[in-house]
Amino acid sequence: MNEFEVIIVGGGIAGASLGANIAGTRRTILIEAEDQCGYHSTGRSAAFYLESYGGPDVAKLTLASRDFLLNPPKDFSDHGFLRVRGDLHLTTGELPDLPPAVETRIVERDELERLVPGIKPQWRRALFEPGCADIDVAALHASYLRAFRIRGGEVSTRARLQRASFGDGGWQIQLEDGTALRSSILVNAAGAWADQVAIASSIQPVGISPKRRTMVQLRVGRSGLKDLPLIDDSKGTFYFKGEGDSTIWLSPHDEIASDPCDAAPEEIDVAIAIDRFEQVVDWPIERVERSWAGLRSFAPDRLPVYGFDPRAPGFFWCVGQGGFGIQTSPAAAKMAAAVLLDEEPESMVAGIDPRVFSPARFAR
Ligand SMILES: Cc1cc2nc3c(=O)[nH]c(=O)nc-3n(C[C@H](O)[C@H](O)[C@H](O)COP(=O)(O)OP(=O)(O)OC[C@H]3O[C@@H](n4cnc5c(N)ncnc54)[C@H](O)[C@@H]3O)c2cc1C
């Protein structure tokens, strides 16, 4: 029997970031079902940091993560993970209502025309959010995994949890290949599979719903796009950003209920994305270079879930990161680690109440 203090199920950004924060204190193994960590949602994101996204409680986690993402500790990474570009929230009518802690300014039509050459006439104004940035997701995820290993954590890929049971003061875990592991704490960081992992552990699920989102890379007959702001609409029907000089990443902002799976884009969603894009700018579309899809997983109240299950000893939830799991990961992982280790939170998250994110809210 392989004995650990903590077993983390899932090697995406959620499991890796929490692991990096506890490995130095608890003998920890991270088990990942796929050949490589980050294969699912973490490797498919749109890779931006947007403070206004997800509502006021998520915004607290995002804002608290900013300094770490810009200037991480030297032993974590010798470079930052953000490249600031700003975001224009376009509107044909009312401006969006964003959390007050987020810096914004109004952009009128004249300025909009200068910022987005070729913008169509119905977009009257916009709210500009200067703090929006691209995140180097691959580097951030790799840095978490490196920190985890340096601090003594073990990573096991092709290691799918099949079932888990609690007895004799600990968890006995069986992997698909028959390997047995034991630990006092079992962390569920299984993304879209979170409820399935709970059921396999005889724990009542909290109701995590995976939703598919489509991304399309388009080549367009325009250059100089790389540094344009991220562009979205206040009603939430599309977003796009310059990826290369003449390429963009575009999403129709879809949110389609899905079973947990290796998500793939549907042609209709790619077509919807292109149709919406053509309503925004007059840039000629040359071709679709690639498209992909991933699952964003939400709890019933769309807040992430961090904390021990109140009905089951040693079962820790780290799930429901929706569309903000990358940008919130530094603060969310520090907050979750303090709860898991029963320690004082670090200053980065000292002002954030972890009870807001506790799974206890579903047991009431
Ligand atoms: C199209 C798209 C755009 C997005 N854009 C952004 C963005 O711009 N900014 C942002 O912050 N966030 C964004 N997100 C959200 C972000 O990607 C997610 O919140 C985040 O990746 C979730 O991380 P995770 O570790 O929970 O899930 P995952 O990365 O999916 O990791 C969960 C892992 O658990 C493993 N697993 C499941 N079951 C088992 C088992 N039984 N045994 C072992 N392992 C198991 C899976 O194989 C998987 O690797 C986007 C998501 C999508 C899909």
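Some observations on this one:
- Excluding ligands, DNA and RNA, the accessible surface per residue across the range 170-222 is 33 Å² with a 1.4 Å probe.
- By the compact-protein rule of thumb, 2.2 N^0.38 Å, the alpha-carbon radius of gyration of the chain corresponds to a ratio of 1.01.
- Two-site FRET efficiency, ARG355 against GLU176, from Cβ-Cβ distance with R₀ of 35 Å, rounded to 0.05: 0.50
- Folded to 0 to 90 degrees: helix 13-22 orientation relative to the chain principal axis, Cα: 50
- A 1.4 Å probe run over the range 242-364, with the rest of the protein chains in place, finds 43 Å² accessible per residue.
- Translational diffusion of the range 1-127, estimated by Stokes-Einstein from the Kirkwood radius over alpha carbon pairs at 37 °C in a medium of 0.692 mPa s, is 181 µm² per second.
- Dipole magnitude for the range 217-360: computed about the Cα centre from +1 point charges on Lys and Arg Cβ and -1 point charges on Asp and Glu Cβ, it is near 140 debye.
- Electrostatic bookkeeping for ASP259 treats Lys and Arg as +1 and Asp and Glu as -1; over the other residues with beta carbon under 13 Å from its beta carbon, the sum is 0.
- Cβ-defined net charge surrounding GLY12, 13 Å radius [Lys, Arg +1; Asp, Glu -1]: 0
- Amide H to amide H, with H built 1.01 Å from N, GLY307 comes under 5 Å of TRP317, counting only residues 5 or more places away or on other chains.
- In a DSSP loop and with at most 16 other Cβ atoms within 10 Å, the trypsin sites (Lys or Arg not before Pro) in the range 74-130 are LYS74, ARG124.
- Taking amide hydrogens as placed 1.01 Å from N in the peptide plane, the amide H of PHE48 sits under 5 Å from those of ILE135, each at least 5 positions away in sequence or on another chain.
- Each peptide in 308-320, 6-18, 277-289 was scored by the mean count of other Cβ atoms within 10 Å over its residues; highest first, the order is 6-18, 308-320, 277-289.
- Taking the Cα centre of the range 220-303 as reference, the dipole from Cβ charges on Lys and Arg (+1) and Asp and Glu (-1) amounts to some 240 debye.
- When the Gaussian network model of the chain links Cα atoms closer than 10 Å, the mean-square fluctuations of ASP75, ASP57, ASP136 top out at ASP75.
- Normalised per residue, the accessible area of the range 8-113 is 42 Å², obtained with a 1.4 Å probe and no contribution from ligands, DNA or RNA.
- Within the accessible area of the chain (1.4 Å probe), percent carbon and sulfur: 47
- Between the residues ALA192, LEU218, GLY242, the greatest Cα displacement towards the positive end of the dipole of the range 185-246, with unit charges on the Cβ of Lys, Arg, Asp and Glu, is found for LEU218.
- Sum of side-chain charges, THR104 neighbourhood, beta-carbon under 10 Å (Lys, Arg +1; Asp, Glu -1): -3
- Added length on full extension, which subtracts the Cα-Cα distance from 0.36 nm per residue, GLN204 to GLN279: 22.5 nm
- Total lysine pairs in the chain at Cα distances under 21 Å, for residues eight or more apart or on different chains: 7.
- Each residue of the range 192-202 is assigned a 3J(HN,Hα), and the resulting list reads 5, 8, 4, 5, 5, 5, 4, 4, 5, 9, 6 Hz, derived from the Karplus form 6.51 cos²θ - 1.76 cosθ + 1.60 (θ = phi - 60°), x at Gly and Pro.
The values are calculated or read from the model by the stated rules, or taken from the named source; none is laboratory data. Model, not experiment: these values are computed from the prediction. Neighbour counts are summed over all protein chains in view; Cβ atoms, including those assigned to glycine, are modelled from backbone coordinates with ideal geometry. SASA here: full protein model, heavy atoms, side chains in, ligands and nucleic acids out. Shrake-Rupley method; radii C 1.70, N 1.55, O 1.52, S 1.80 Å.
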